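Below is one structure; the comments refer to it alone.
Read the figures in this text as sums done on the coordinates, not as results from a lab. These figures come from a predicted structure and were not determined experimentally. Every residue, glycine among them, receives a Cβ derived from its backbone with ideal geometry; neighbour counts consider all protein chains shown.
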Amino acid sequence: MFRPMRRKNQELSFGESAAILERGTSGVLAAAGDDEYPYAVPLSYVYADSKIFFHCAAEGHKMDAIARNHKVSFCVIDQDQIVPEKYTTYFRSAIAFGKARVLEDEGEKRAAIELLAEKYSPEFEEGRKQEIDSQFEQVRMVEIDIEHLTGKEAIELVRAKG
């Protein structure tokens with residue numbers, strides 16, 4: 001169903017790929033957009049329980065795309081070091097493929113938004129709670145149930161591991 005990686009020696013393990021999702025602070029959601037154009041949008045997210053969660057408005061391009069086709073991909077770049085003298089880039093990234101769904105259950109939604117808020121404001125528990133409570137009705141939380149996760153890194157990084 002999912003393509004095997006062509007350069008197997010550069011493929012990261014599932015654990016290494018999941019660690020990229022855990023470390024990352026932003027990623028790019030790709031969905032089927034309007035008029036058959038791909039739609040890719042950067043966003044903040046949290047990775048927990050082998051799922052990706054993000055927030056968005058009740059209406060807009062993301063929500064329309066997900067409603068039309070819930071199959072999405074999500075890319076996180078962990079390293080992007082340009083090495084001009086070698087005409088290359090030392091990169092490391094992960095791509096998740098899965099199905100997105102808007103969390104309708106209030107308990108699921110609250111749990112997801114709390115995870116997201118804790119990731120980005122870990123030291124401001126009281127402020128997080130107030131912000132969540134004030135925005136809870138307007139915000140939508142989306143869960144990506146990951147079906148396939150892959151990661152890849154530059155050959156130079158593979159060689160440096162020894």
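Annotations for the structure displayed:
- Dipole of the chain, positive direction: furthest Cα of Ile113, Ala19, Cys56, with charges on the beta-carbon: Ala19
- Of Arg23, Arg140, Arg92, the residue with the greatest mean-square motion in the GNM of the chain, using alpha carbon springs below 10 Å, is Arg23.
- For the chain, the average shadow cast by the Cα convex hull is 11.8 nm², which is a quarter of the hull's surface.
- For segment 146-162, backbone phi angles converted through the Karplus equation (6.51, -1.76, 1.60; θ = phi - 60°) give residue-by-residue couplings of 6, 9, 8, 10, 9, x, 8, 9, 4, 4, 5, 6, 4, 5, 5, 5, x Hz, Gly and Pro being listed as x.
- For segment 130-136, putting each phi into the Karplus relation 6.51 cos²θ - 1.76 cosθ + 1.60 with θ = phi - 60° gives couplings of 5, 5, 4, 4, 6, 10, 4 Hz, in residue order, rounded to whole numbers and with x for Gly and Pro.
- Sites Glu108 and Glu85 - FRET efficiency at Förster radius 41 Å, r taken between beta-carbons, to 0.05: 0.25
- Using a Förster distance of 35 Å, the FRET efficiency for Ala19-Asp64 (Cβ separation, nearest 0.05): 0.60
- Estimated [θ] at 222 nm from DSSP helical runs (n ≥ 4, -39500 (n - 2.57)) normalised by residues in the chain, nearest 500: -9500 deg cm²/dmol
- Net charge of Cβ neighbours under 14 Å - reference Ala58; Lys, Arg +1; Asp, Glu -1: -1
- The 3J(HN,Hα) values that the Karplus relation (6.51, -1.76, 1.60; θ = phi - 60°) gives for segment 20-26 are, in residue order, 4, 5, 5, 6, x, 10, 8 Hz. Gly and Pro appear as x.
- Other residues lying with their Cβ under 9 Å from the Cβ of Ile20 contribute a combined charge of -1, Lys and Arg counting +1, Asp and Glu -1.
- Relative contact order of segment 8-156, defined on C-alpha pairs under 8 angstrom at six or more residues apart (%): 32
- Helix 106-120 and the longest principal axis of the C-alpha atoms of the chain enclose an angle of approximately 50°.
- Across Leu115, Leu21, Leu29, mean-square fluctuation computed from a Gaussian network of the chain (C-alpha pairs under 10 Å connected) peaks at Leu115.
- The residues Thr88, Thr25, when put in order of fewest to most other Cβ atoms within 10 Å, stand as Thr25, Thr88.
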